[in-house]
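Reviewing the structure listed below.
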Amino acid sequence: MTTFAPDPEIRTRSLRIGCIGAGMIMAECHLAAYAQADFPVVAIASRTESRAQAVADRWKIPKVHATPDALIADPSIEILDIAYPPDLQPALIRAALKQPHIKAILAQKPLALSLSEAVALRDEAKAAGKLLSVNQNMRYDQSMRVLKQLLDAGDLGEVVFAQIDMHAIPHWQGFLAGYDRLTLANMSVHHLDVLRFLFGDPTEITTQTRKDPRTTFDHTDGITVSTLRFPSGVLALSLEDVWSGPRAEGYDNDQHISFRVDGTHGVAKGTIGWPTGAASTLTYASQKTTGGKWVTPTWDTMWFPHAFIGVMEQLQHAVATGTPPALTVADNVKTVALIEAGYKSIAEGRTVKLSEISTH
């Protein structure tokens, strides 16, 4: 395979977007992406009106609402884009489901703090006839999209083993200190979801963890290691080393995320650029298409912020065409179930089959 699409085509950019949240992820990722794609953001609100105003001034958003509820009630808004703490997100989703003018909702991951709440939101959105999509933006990282295209084309043959290996320090938002779940729900969720995107639904997961010495608030899951088995036979490993060594003045920073997929006819490997603010990379060798030589496709875009274009575009296009979004809430509930199984594995010290986790 020689032609790739690291970034999706922008097919629809006409629906009016209202944004809730004015923190880093909204100000530096969502809105940066939307400005580049020329998506119409018409209003913003946050817990602090002055902060929302500052973000609106920066990105030339015409309207600032005093509260999230006031924004949700604004009849000019067609798509609600939420970047808010997950314990507060379900109430916003439920308020939006009641508004006739809101056609679709883009929620953050994790969708909710429990599987039962995620299932309820899925079912309530369906009953309301509204599109609810979840911002699993790693699926739109350029290296992951190209890797998926390689897999679908069969360039690597039958996949034998896959690994995501993270040694990087996330910015833990302050609200996470009040939760009983940390890395698995808020960082591993990217990797476990993208493994589902690449290989389908796993049959079982085994997760082990230890506390992270750098994280000052109480937590259970700091550093996490999860192994997954898939019906196809794929064995996969997802490692989140959020300690990643000491960090001090004069200490060389080697934070990185790498990945590797071994197949019967080839290998693909690369890096995720998030920790260093660089573009992700992928290189592959295939007996079938490259004569066993290593080939490295290139692109100029990055996970942050460019992947957020694809996430919002897929939802706009779904509304405009009356088709399901690429990132459906029903699919995301399966990722939440995988996280739930991981926590069950930690708590019980055993491998957990996904058949044990109900999504009904």
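Could you please find all residues in segment 237-253 being small (Gly, Ala, Ser) and either under 20 Å from Thr216 (Cβ atoms) or out of contact with any His (no Cβ under 7 Å at 6 or more places or on another chain) (or both)? Reasoning before the result, please.
From segment 237-253, those small (Gly, Ala, Ser) are 238, 244-245, 248, 250; that's our starting set.
Hits for segment 237-253 are Ser244, Gly245, Ala248, Gly250.
In this structure, is Leu15 buried (at least 21 other Cβ atoms within 10 Å of the Cβ) and either in contact (Cβ under 8 Å) with a residue 12 or more places away in the chain or assigned to a loop (DSSP other than H, G, I, E, B) (or both)?
Details: buried (at least 21 other Cβ atoms within 10 Å of the Cβ): no; either in contact (Cβ under 8 Å) with a residue 12 or more places away in the chain or assigned to a loop (DSSP other than H, G, I, E, B) (or both): yes.
So Leu15 does not fit the description; no.
Among (1) farther than 20 Å from Ser46 by Cβ; (2) more than 18 Å from the chain's Cα centre (by Cα); (3) assigned by TED's automatic domain parsing to the domain that holds Met26; (4) not basic (Lys, Arg), there is one condition Leu131 misses while meeting the rest; what is its number?
Just one mismatch for Leu131, condition (2).
Among the residues that make up segment 159-167, is at least one of them of a type in the set (A, V, I, L, M, F, W, C) and free of Cβ contacts under 8 Å to residues at least 60 places away in the same chain? So that I can check it myself, show each step before the final result.
Taking segment 159-167 as the starting set, the residues that turn out to be of a type in the set (A, V, I, L, M, F, W, C) are 159-162, 164, 166.
Subset that is free of Cβ contacts under 8 Å to residues at least 60 places away in the same chain: none.
There is no residue in segment 159-167 that is of a type in the set (A, V, I, L, M, F, W, C) and free of Cβ contacts under 8 Å to residues at least 60 places away in the same chain.
What do you reckon, is Ala32 among the hydrophobic types (A, V, I, L, M, F, W, C), surrounded by fewer than 16 Cβ atoms within 10 Å (Cβ to Cβ), closer than 30 Å to Tyr284 by Cβ and modelled with pLDDT of 95 or more?
Criteria not met by Ala32.
For the structure I just gave you, tell me whether Leu182 is over 22 Å from Glu158 (Cβ atoms) and either of a type in the set (Asp, Glu) or in contact with an Asp or Glu (Cβ under 8 Å, 6 or more places away or on another chain) (or both). Full working, then the answer.
Numbers: over 22 Å from Glu158 (Cβ atoms): yes; either of a type in the set (Asp, Glu) or in contact with an Asp or Glu (Cβ under 8 Å, 6 or more places away or on another chain) (or both): yes.
The answer is yes for Leu182.
Taking segment 48-68 only, how many residues are under 20 Å from Gln99 (Cβ atoms) and loosely packed, with under 14 Cβ neighbours inside 10 Å?
Step one: list which residues in segment 48-68 are under 20 Å from Gln99 (Cβ atoms), which gives 52, 61-68.
Those left that are additionally loosely packed, with under 14 Cβ neighbours inside 10 Å: 62, 66.
Qualifying residue count for the region: 2.
Output the residue which, of all residues in segment 69-96 that are over 12 Å from Val41 (Cβ atoms), over 22 Å from the mean Cα position of the chain (by Cα) and not small (Gly, Ala, Ser), is surrounded by the fewest Cβ atoms within 10 Å (Cβ to Cβ). Show your work before the answer.
Kept after step one, since they are over 12 Å from Val41 (Cβ atoms), are these residues of segment 69-96: 69-70, 72-75, 82-96.
Filter once more, so that each one left must be over 22 Å from the mean Cα position of the chain (by Cα): 69-70, 72-75, 95.
Checking the rest, the ones that are also not small (Gly, Ala, Ser) come to 69, 72, 74-75.
Numbers: Asp69: 14, Ile72: 26, Asp74: 18, Pro75: 9.
In this case the residue turns out to be Pro75.
Condition check: part of a helix (DSSP H, G or I), touching a helix residue (DSSP H, G or I) at 6+ places or on another chain (Cβ under 8 Å) and over 16 Å from Cys29 (Cβ atoms). Does Ala326 satisfy that?
Numbers: part of a helix (DSSP H, G or I): no; touching a helix residue (DSSP H, G or I) at 6+ places or on another chain (Cβ under 8 Å): yes; over 16 Å from Cys29 (Cβ atoms): yes.
Spelling it out, it is not the case that Ala326 is part of a helix (DSSP H, G or I), touching a helix residue (DSSP H, G or I) at 6+ places or on another chain (Cβ under 8 Å) and over 16 Å from Cys29 (Cβ atoms).
So if I check each of Asp212, Asp152, which one is free of Cβ contacts under 8 Å to residues at least 40 places away in the same chain and in a helix (DSSP H, G or I)?
Details: Asp212 fails: in a helix (DSSP H, G or I).
From the options Asp212, Asp152, the qualifying one is Asp152.
Out of curiosity, is Asp38 among the charged types (D, E, K, R) and at negative phi? Break it down stepwise before answering.
Values: among the charged types (D, E, K, R): yes; at negative phi: no.
So Asp38 does not fit the description; no.
Please give the number of the condition Ala5 fails out of (1) surrounded by 16 or more Cβ atoms within 10 Å (Cβ to Cβ); (2) modelled with pLDDT of 95 or more; (3) part of a loop (DSSP other than H, G, I, E, B).
The single condition Ala5 does not satisfy is (1).
For Asp254, only one of the following conditions fails: (1) closer than 24 Å to Gly349 by Cα; (2) of a type in the set (Asp, Glu); (3) in contact with a strand residue (DSSP E or B) (Cβ under 9 Å, 6 or more places away or on another chain). What is its number?
(1)
Scan segment 61-76 residue by residue and report those that are of a type in the set (S, T, N, Q) and touching a residue at least 24 places away in the same chain (Cβ under 8 Å). Let's see the steps before the verdict.
Our first condition is that a residue be of a type in the set (S, T, N, Q); within segment 61-76, this holds for 67, 76.
Selection gives Ser76 alone.
Which condition number in (1) in contact (Cβ under 8 Å) with a residue 12 or more places away in the chain; (2) surrounded by fewer than 23 Cβ atoms within 10 Å (Cβ to Cβ); (3) not assigned by TED's automatic domain parsing to the domain that holds Thr227 is the one that Asp201 fails?
(3)
Within 28 Å of Ala326 (Cβ to Cβ), assigned to a strand (DSSP E or B), out of contact with any Lys or Arg (no Cβ under 7 Å at 6 or more places or on another chain) and of a type in the set (S, T, N, Q): is that true of Thr301 in this structure?
On the way: within 28 Å of Ala326 (Cβ to Cβ): yes; assigned to a strand (DSSP E or B): no; out of contact with any Lys or Arg (no Cβ under 7 Å at 6 or more places or on another chain): yes; of a type in the set (S, T, N, Q): yes.
In short, no.
Looking at segment 162-176, is at least one residue crowded, with 22+ Cβ neighbours inside 10 Å and over 18 Å from the mean Cα position of the chain (by Cα)?
Residues of segment 162-176 crowded, with 22+ Cβ neighbours inside 10 Å: 162, 164, 166.
Next, from what is left, pick out any that are over 18 Å from the mean Cα position of the chain (by Cα): 162.
So far as segment 162-176 goes, yes, one or more of its residues are crowded, with 22+ Cβ neighbours inside 10 Å and over 18 Å from the mean Cα position of the chain (by Cα).
Out of segment 74-96, which residues are closer than 22 Å to Arg13 by Cα and not polar (S, T, N, Q)?
Going through segment 74-96, the residues closer than 22 Å to Arg13 by Cα turn out to be 74-83, 96.
Scanning segment 74-96 gives Asp74, Pro75, Ile77, Glu78, Ile79, Leu80, Asp81, Ile82, Ala83, Ala96.
The values are calculated or read from the model by the stated rules, or taken from the named source; none is laboratory data. Since the model is a prediction, treat every value here as computed from it, not as a measurement. Glycine gets a Cβ as well: all are built from the backbone with ideal geometry, and neighbour counts include every protein chain shown.
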